[in-house]
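Q: Before anything else, here's the structure in question.
Just so you know, all these numbers are worked out from the coordinates, no wet-lab data involved. Remember, predicted model here, so these are calculated numbers, not experimental data. Glycine also receives a Cβ, built like all others from the backbone with ideal geometry; neighbour counts cover every protein chain displayed.
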């Protein structure tokens, strides 16, 4: 459980808090309350609700227009950890980096090696506002809506269009980098159908375990820019310790966390 001073919001399965080492003013973690809980429809729906609550609050309180979401499966970043935040616990955790007007971006900080990063200190005022936030009528209604409410499914047989990212088509199944774009039309990422999120988690596990040799873990970056018409895009990376390609580091260094233009 997060310390009282960092805890911001609780739900049934997940809780929102500040990380121990917040990298930017908009850096938060959404952490599973009980690590033994399996990731199914109810847990996925609650995760989306927690993110939606945080998104609604930061939109109203700080003018947030977009966020990057990071999660690692069976993976702990080591060393310089360029391109990703260091793990602070073994409990399943989603890192959320929100973009505010004139704020430091996640990309700017994550291009630095871990030992050169400096934690932000001036978050107390915003954190206190987040703890007490109930929102305006419109914002509270949007944040409290059930995931999947405004989703229009375009394809009955799949939730995501998944494609390999590789300059060489022969590497498509072993290159270790894929993109996933929802096959439904959602006005907000947190309104995604929870079953779709569960399906994606299973697909990610399959991508890792079906490789020869199996990958050691999976990480993903989600770009959610709700102030634009661009669809949410999920970048999935299969990981090996000691991989010389450094795909996640290169992805961030080359602008992979740049937000789409409005």
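Q: Only residues that are in contact with a strand residue (DSSP E or B) (Cβ under 6 Å, 6 or more places away or on another chain) and closer than 8 Å to residue 83 by Cβ: list them for segment 243-262, please.
A: 248
Q: Quick check on this structure: which one of 98, 39, 28 is touching a helix residue (DSSP H, G or I) at 6+ places or on another chain (Cβ under 8 Å) and surrounded by fewer than 22 Cβ atoms within 10 Å (Cβ to Cβ)?
A: Working: 98 fails: surrounded by fewer than 22 Cβ atoms within 10 Å (Cβ to Cβ); 28 fails: surrounded by fewer than 22 Cβ atoms within 10 Å (Cβ to Cβ).
Selected residue: 39, the only one of 98, 39, 28 that is touching a helix residue (DSSP H, G or I) at 6+ places or on another chain (Cβ under 8 Å) and surrounded by fewer than 22 Cβ atoms within 10 Å (Cβ to Cβ).
Q: Which one of these does residue 64 not meet: (1) in a loop (DSSP other than H, G, I, E, B); (2) closer than 15 Å to residue 13 by Cα; (3) free of Cβ contacts under 8 Å to residues at least 60 places away in the same chain?
A: Only one criterion is unmet by residue 64, namely (2).
Q: Could you grab me the full set of residues in segment 12-37 that are part of a loop (DSSP other than H, G, I, E, B) and within 15 Å of residue 90 (Cα to Cα)?
A: Correct list: 19, 20, 33, 34, 35, 36, 37.
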